[in-house]
Amino acid sequence: MSTGNSQPQTDIRPDIWQIEAEAREWFMLQGERTLVDSEQVAFAHWMEQPQHRSAYQQLQQIDQTLAALAASEEGARLRQPSGLSALMETLRSYFDVSPLNRLAFACTLMLALGIAYLAPWQGEPAAQAYASELAQVRNVVLEDGTRVTLGGDSALEAEFSEGSRRIKLLRGQAFFDVRKDPTRPFVISAQGAEVRVVGTRFDVRTGSKLNPAVKVTVEEGIVDVARKTAAKPDEAENKVRLTAGQQVKVDEKRISTVSKVDTTSVASWRQGKFSYRDAPLSEIVADANRYRKDRIIIGTRELESLRVTTAFTADQADTLVAMLEQSLPVRVFKEPDGRVVIWPGTVEH
């Protein structure tokens, strides 16, 4: 998939193979980056057709199912050398549609999302995968005794050896209560950020398309945070040390200055409470989207950086947009596919 301003062809023949190919292209493109305005318009127009919308929703369903499979005991079995055929049979049992069509969908998703089945076939140690569903807060205990709380729609992989404990936070948010082990540092990678500890309590939230910075917040103990680049993946840059009540954000260019936070606020999301003071609208929307079925879309880039002070609970995620419309100069529109789009207040639907 190219990452320029090109977009999928929308003048299509009404056959299922062409529709599925276009659905995969749209799905992969949105997994790579945020659509530009012209692409968002083209995608909305494409989704107006029921066959198009059905094909795209099937991809979303398979995406969620593969993530759940990877995080389950069955996922560990599927990562064995004989697991490919079992994986296909499992997919067929999950979906009551043509296995041939689903095979094309599944293969595309495995390539696009990097489902970690191939590494164990090559003799590498298998990572343990854990995931939470949309709007679910899940508590897990890793093999070293470390306790992790996963926020809604979050996922991580854990790989342990005699000399190290390595975690990859794939998406979403996680709170770590790390079991102390001076002989095995606990290292978390999340996009371009690396977090290194021995034993402590802290929170890591990955960035989103709209708000790409990784946020690290410490509740207790000492945490070292560094930035890694694709050009030098084995070297850490701009390392900073955080103590209780401190927070930094890490993006592809820099690590922010250290800011102070109320340590009680670190735990609030685990009780389903979200509070923001002068935060960008993009950050609030990214969090809310992990707790509601129909996604919230910000219509313009100018609105992404709009500063907002607000609070809501997880069970209010569905009504958040109405709350924002009452307090901000914006208008909210619900699209036929269920998405909610936030536009400047001057926009007419």
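Report, by residue number, each residue of region 134-156 that is within 20 Å of D224 (Cα to Cα) and either small (G, A, S) or surrounded by fewer than 22 Cβ atoms within 10 Å (Cβ to Cβ) (or both).
Selection gives T146, R147, V148.
Looking at (1) at pLDDT 90 or above; (2) farther than 29 Å from D337 by Cα; (3) surrounded by fewer than 17 Cβ atoms within 10 Å (Cβ to Cβ), find the lone condition where Q247 falls short.
(3)
Residues being among the polar types (S, T, N, Q) and either open to solvent by 60 Å² or more (accessible area, probe 1.4 Å) or modelled with pLDDT of 80 or more (or both): count how many of those fall in region 19-48.
2
Exactly one condition in (1) at pLDDT below 95; (2) touching a Lys or Arg at 6+ places or on another chain (Cβ under 9 Å) is false for T146; which is it?
Failing condition for T146: (1).
Between residues in region 326-340 that are modelled with pLDDT of 90 or more and surrounded by 15 or more Cβ atoms within 10 Å (Cβ to Cβ) and residues that are of a type in the set (G, A, S) and part of a loop (DSSP other than H, G, I, E, B), which pairs lie under 6 Å by C-beta distance while being six or more apart or on different chains?
Within 6 Å, the pairs are V330/G345; R331/G345.
Considering region 238-257 alone, what residues qualify as being within 24 Å of the chain's Cα centre (by Cα), farther than 26 Å from I297 by Cα and outside any strand (DSSP E or B)?
Listed by number, the residues that qualify are R254, S256.
Taking into account only those residues within region 173-200 that are open to solvent by 10 Å² or more (accessible area, probe 1.4 Å) and either touching a helix residue (DSSP H, G or I) at 6+ places or on another chain (Cβ under 8 Å) or of a type in the set (G, A, S) (or both), which is farthest from G145 (Cα to Cα)?
Checking each candidate, the answer is G192.
Anything in region 313-324 that is part of a helix (DSSP H, G or I) and either within 22 Å of the chain's Cα centre (by Cα) or buried (at least 16 other Cβ atoms within 10 Å of the Cβ) (or both)? List them, or say none.
A314, D315, Q316, A317, D318, T319, L320, V321, L324 - these are the residues of region 313-324 that are part of a helix (DSSP H, G or I) and either within 22 Å of the chain's Cα centre (by Cα) or buried (at least 16 other Cβ atoms within 10 Å of the Cβ) (or both).
Open to solvent by less than 20 Å² (accessible area, probe 1.4 Å) and of a type outside the set (D, E, K, R) - does that describe any residue in region 227-241?
no
Scan region 260-312 for residues that are in contact with an Asp or Glu (Cβ under 9 Å, 6 or more places away or on another chain), surrounded by 19 or more Cβ atoms within 10 Å (Cβ to Cβ) and part of a loop (DSSP other than H, G, I, E, B) and report the count.
1
The values are calculated or read from the model by the stated rules, or taken from the named source; none is laboratory data. Given the structure is predicted, the values throughout are model-derived calculations rather than measurements. All Cβ positions, glycine included, derive from the backbone under ideal geometry; neighbour counts span all protein chains shown. Areas reflect the complete protein model, heavy atoms only, side chains present, ligands, DNA and RNA absent. Shrake-Rupley method; radii C 1.70, N 1.55, O 1.52, S 1.80 Å.
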